[in-house]
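Take a look at the structure below.
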Amino acid sequence: LDDETLSIYNALAAKIKEYGDIMIGRLTEGWVHGFMNHLGKTLKKNTVIKYWRKMKKICRMLKIKLDDQDFTKKMVEEKTAKVYFSFEELQHIENFKFKNSSERLERVRANFIFQAFTGMRYSDFIQQAEIQSINGKKYIIIDSGSEKTDEPIAIPVFAPAERILTGGYLGKEISNQKYNDYLKEIIGEIYPDKTITIKYTLNGKERKETLFVKDKVGTHSGRRSFATNFTHLGIIPKKFIMEIVGIRKEVTFDNYIASPKVVNAEQMVNILQREQE
């Protein structure tokens, strides 16, 4: 198994231990359904589905008959929107004047802009990042690697990230739930009418749905903006961007960034324009 798939099985094993260890030879359909329903009480639907698919593979290997029709009907995947913001939009977000400014909004905005120009998880920066000056330029160094990888990382400190570092709003962790709530409030004020169209398949038919960005923005949007925008430039090796974001497989990375087909086309245009110049 590759590292990413193995990590899912390891996480599944940890969840099974929490629920109560069972001998493989005693595994039954009833136990599996009880375990999955237990996970459904605390985890997001898409995460439960990820574990469910692995459990089905295990049961097939063990020749355990698993009737999953009723269960999968309940566990329809939630539609996800790949929300990201362009460099111009990020500049507008950074400079926007709130009607009722507060420390919590300023702190979450700073967090968001910082992620959008470093690609870092905020927890990585708070817990283990170090700022170093090399040849007159600043870099964020993580010798032990990010939360998802043990590879050392060096990230250049671009001007927006440096402004955030000196602004005094970084340095305090916040829960994902609070972060999402405040970020939705921020984007709702700055871009109340901005929408995103998502495609998904339901009952074998492709559907489209238009959603408000303010309702779908979340913790991944800053890092997805970083990955999308810097890939779009076409001058930075994709491998380097993947290392910063903490994604090992290129197919996973292409699925992570927003509008990969558009990004690839624009990347070609940008490269050709630079060659002509």
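Structure summary
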{"read-out": "Links that overshoot a 21 Å alpha carbon limit, given the list 17/249; 194/249; 82/138; 17/41", "value": "17/249; 194/249; 82/138"}
{"read-out": "Summed residue charge, Cβ within 14 Å of residue 191's Cβ, Lys/Arg positive, Asp/Glu negative", "value": "-2"}
{"read-out": "Formal net charge of residues neighbouring residue 176 (Cβ-Cβ distance under 12 Å; K, R +1; D, E -1)", "value": "+1"}
{"read-out": "Net charge over other residues, Cβ less than 13 angstrom from the Cβ of residue 16 (K, R count +1; D, E count -1)", "value": "+2"}
{"read-out": "Rounded, prolate or oblate (a/c below 1.5 giving rounded, otherwise prolate when a/b exceeds b/c) for segment 177-251 by Cα gyration tensor", "value": "oblate"}
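The numbers here are math on the coordinates, done by the rules we state, and not lab data. Small disclaimer: the values here were computed from a predicted structure and weren't measured. Cβ: placed from backbone, ideal geometry, glycine included. Neighbour counts: every protein chain shown.
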